[in-house]
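Novice: Below is the structure I would like to discuss, written out as structure tokens.
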Amino acid sequence: MIFDAIIIGGSYAGLAASLQLARARRSILVVDAGIRRNRFAHSSHGFLTQDGESPEAIAATARRQLMAYKTVCWLDGTAEAAEAVGGDFQVQVNDGSVHRARRLVLATGVRDILPDIPGLRERWGTSIFHCPYCHGYEINEGEIGVLATSPLSLHQALLLPDWGRVTFFLNGVFTPDADQSAQLRDRGVTVVTDAVTAVEGERATVRTQNGRLFPLDGLFTAPRIEMASSIAHQLGCAFEDGPFGAFIRTDGFKETSVAGVFACGDAARAAGSVSMAVGDGAFAGTATHQSIVFRKL
């Protein structure tokens, strides 16, 4: 069987893209490894009608609704290889199966690469975050830390005082210039130059090199990202450098540099959230459908 489209990745962007194609009565296969980027978080915020719901519940409801459409097939597995074959695309899955489609939608997501500081990874998504719009409100105007990972962390430090009292840990990453220091003072941000050696405690207590402790209600940092899948590289898709790492380059209709291959979600954006991923996926799904109708590869 040749599907109209194979969607690689069944998280929020992939589900949204799939839904548009399913509602167009197109035959689709969703290949999903089951590893969502926000799997560590207990709740998701900022998504209309789902504010405060668990990420797992949102994804489960979306999958259940998608599977009500009779043209949808779902495969739990990892897409290991993909290539163009005779005007179509062929995808090999880790169970050994091979599938073919007229179009591909890459919703493969990214991995967060955190600073190598003890205690950081264990608290990621529960008391250590990257998005203030997703998690800032729940800190209830308490004590907030920002752990610098690059000079761009200044943006986080200047933004977060709207959610609480901010301490900015430079951690040897950069030194603010006079203008930046003035901006931080104007926003009431406390700057700490000591190196951070660990994150401890029930929530996020930062320990610095000289033994100082900073109890926090939440710590924000901006990790580097890398592709969660090599599929886009295998297909020869062009990439674009973002502030935190490279992402798949797409045009105004979410098509990659490879004709017939579309991309959406965190793998195809400089930054994202559940809301952005859903909108991005919905657009990619409609664009994929219209390319099938109006254009032959």
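No lab work stands behind these numbers, since they all come straight from the coordinates. What you see is a predicted model; the values in this text were computed from it and never measured. All Cβ positions, even for glycine, are placed from backbone atoms using ideal geometry, and neighbour counts span all protein chains on display.
Novice: Tabulate in residue order the Karplus-calculated ³J(HN,Hα) for the range 120-135, using 6.51 cos²θ - 1.76 cosθ + 1.60 with θ = phi - 60°, rounded to whole Hz; enter x for Gly and Pro.
Specialist: So the Karplus estimates, Gly and Pro as x, are 6, 5, 5, 9, 4, x, 10, 9, 10, 9, 10, 10, x, 5, 8, 9 Hz.
Novice: Still on this structure: The range 211-228 to the range 127-202: how many Å between their Cα centroids?
Specialist: Here the answer is 9 Å between Cα centres.
Novice: Now for a different question. Among residues other than Phe262 whose Cβ falls under 11 Å from its Cβ, what is the net charge (Lys/Arg +1, Asp/Glu -1)? Walk me through the numbers on the way to the answer.
Specialist: On the way: positive: Arg103, Lys254; negative: Asp251, Glu255, Asp280.
Net charge in that neighbourhood comes out at -1.
Novice: In Å, the Kirkwood hydrodynamic radius of the range 115-221 over pairs of distinct alpha carbons?
Specialist: Hydrodynamic radius (Kirkwood, Cα pairs) of the range 115-221 is 13.5 Å.
Novice: Restricting attention to the range 181-288, which GluC sites (Glu not before Pro) occupy a DSSP loop and are surrounded by at most 11 other Cβ atoms within 10 Å?
Specialist: Glu202
Novice: For the range 115-221, give the magnitude of the charge dipole about the Cα centre (Cβ charges: +1 Lys/Arg, -1 Asp/Glu; no others), in debye to the nearest 20.
Specialist: The calculation lands at about 140 debye.
Novice: Now for a separate question. Calculate one ³J(HN,Hα) per residue across the range 3-15 by plugging θ = phi - 60° into the Karplus curve 6.51 cos²θ - 1.76 cosθ + 1.60, and present them in order as whole Hz with x for glycine and proline.
Specialist: Karplus values, whole Hz, x for Gly and Pro: 6, 5, 8, 10, 9, 9, x, x, 8, 5, 5, x, 5.
Novice: I would also like to ask the following. For Cα pairs less than 8 Å apart in space and 6+ apart in sequence, what is the mean separation divided by the residue count of the chain, i.e. the relative contact order in percent?
Specialist: Relative contact order comes out at 22 percent.
Novice: Kindly put Ile35, Ile7 in sequence by how many other C-beta atoms sit within 10 Å of each C-beta, fewest to most.
Specialist: Placing the least packed residue first, the sequence is Ile35, Ile7.
Novice: Counting other Cβ atoms within 10 Å of each Cβ, which chymotrypsin sites (Phe, Trp or Tyr not before Pro) in the range 161-265 have at most 15 and sit in a DSSP loop? Kindly include the intermediate steps, with their values, before the conclusion.
Specialist: Numbers: sites: Trp163, Phe168, Phe169, Phe174, Phe220, Phe239, Phe244, Phe247, Phe253, Phe262; in loops: Trp163, Phe174, Phe244, Phe253.
Passing both the DSSP loop test and the Cβ count: Phe174, Phe253.
Novice: In addition: So in the chain, which Cys have no other cysteine's beta-carbon sitting under 4.7 angstrom from theirs?
Specialist: Lacking a cysteine Cβ partner under 4.7 Å: Cys73, Cys237, Cys264.
Novice: To check you understand DSSP bridge types, tell me what percent of the beta bridges within the chain (both residues inside) are antiparallel, rounded to 5.
Specialist: If I count the DSSP bridges inside the chain, around 45 percent turn out antiparallel.
Novice: Using only the alpha-carbon atoms, how far is helix 274-294 inclined from the longest principal axis of the chain? Give it as 0 to 90 degrees, nearest 10.
Specialist: 20 degrees
Novice: Long-range amide H contacts for Ala81: which residues qualify at under 5 Å (H placed 1.01 Å from N, peptide plane, sequence gap of 5 or more or a different chain)?
Specialist: Gln92
Novice: How far apart, in nm, are two points set 7 Å out from the Cα along the Cα-to-Cβ line at Arg111 and at Thr190?
Specialist: 3.6 nm
Novice: Which ³J(HN,Hα) values in Hz, rounded to whole numbers, follow from the phi angles of the range 72-82 under the Karplus curve 6.51 cos²θ - 1.76 cosθ + 1.60, where θ = phi - 60° and Gly and Pro get x?
Specialist: Here the 3J(HN,Hα) series is 9, 10, 10, 10, 7, x, 10, 6, 9, 8, 8 Hz.
Novice: If you don't mind, there's one more thing I want to ask. Springs between alpha-carbon pairs under 10 angstrom, Gaussian network model over the chain: which of Gly236, Gly14, Gly285 fluctuates most?
Specialist: Of the options given, Gly236 has the highest mean-square fluctuation.
Novice: Taking the chain as a Gaussian network, Cα atoms linked when under 10 Å apart, which of Leu75, Leu219, Leu147 shows the biggest mean-square fluctuation?
Specialist: Evaluated over the chain, the most mobile residue of the options is Leu75.
Novice: Using the 2.2 N^0.38 Å rule of thumb for compact globular proteins, work out how the chain stacks up: its C-alpha Rg over that value, please.
Specialist: Its radius of gyration relative to the 2.2 N^0.38 Å reference: 1.10.
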